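Notes for the one structure printed next.
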Amino acid sequence: MFNDHFTIYYDGNCFLCRTSMKLVAMTDIVRRIKLVPFQDITHPINNLSLQQFNFEVHMVDSRDKYFSGFDVVRKLTTILIPFMPFAPLMWIPGVDKIGYRIYRFIANNRNKLCWKHC
């Protein structure tokens, strides 16, 4: 588990996404996460179109396990040491339903939610 490495694909043109990835990079104390703007993808990943990458964040671990959207956020609480105290909360029954809705709202409205255009 601690030997796993992760690649996160995010929207490099989005201010909110870039800022979120800076937070991930700052809290990735053991340097297990590689951050890649989806605009830099040169070959298909998990049979996804570039439009799907624009829709939400995606992450792949070193065993080719795939995560997207809120599942990435939840997984990060188990990877990033400063966020580990929040990990048990992410698995309380019903939190996922709320988390998916909040994530979707933010992803769909990111242009309106940040003061710089995404």
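Here, each number is a calculation from the coordinates, and none is a lab measurement. Everything numeric here is computed off the predicted structure, so don't read it as measured data. Methodologically, a virtual Cβ is constructed for each residue, glycine included, from the backbone with ideal geometry; neighbour enumeration extends over all protein chains shown.
A few points about this structure:
- For the pair region 79-93 and region 21-43, the centres of their Cα atoms are 19 angstrom apart.
- Under the shape rule built on the C-alpha gyration tensor, where the axes satisfy a ≥ b ≥ c, region 36-118 is oblate, since a/c reaches at least 1.5 while a/b does not exceed b/c.
- Region 16-32 - phi-based ³J(HN,Hα) in whole Hz, Karplus 6.51/-1.76/1.60, Gly and Pro as x: 4, 5, 4, 5, 4, 6, 5, 5, 4, 4, 5, 9, 7, 4, 9, 6, 9
- Each Lys and Arg Cβ is given +1 and each Asp and Glu Cβ -1; about its Cα centre, the chain then shows a dipole of about 320 debye.
- Helices in the chain, meaning DSSP H runs of at least 4 residues, each add -39500 (n - 2.57). Divided by all residues, the mean residue ellipticity at 222 nm is -12000 deg cm²/dmol.
- Sparse-neighbour loop sites [trypsin sites (Lys or Arg not before Pro); region 35-118; at most 14 other C-beta within 10 Å; DSSP]: 63, 65, 116
- Computed over neighbours whose Cβ is under 12 Å from that of residue 68, the net charge equals +2, Lys and Arg +1, Asp and Glu -1.
- Placed amide H near residue 10: partners under 5 Å, 5+ positions off or other chain: 36, 38
- Candidates per chymotrypsin sites (Phe, Trp or Tyr not before Pro) in region 5-109, loop by DSSP, up to 11 other Cβ within 10 Å: 91
- Stretching residue 41 away from residue 109 to a fully extended chain increases their span by 22.1 nm, per 0.36 nm per residue minus the current alpha-carbon distance.
- Anchor residue 22: lysines whose Cα lies under 25 Å away (excluding residues fewer than 8 positions away in-chain): 34, 65, 75, 112, 116
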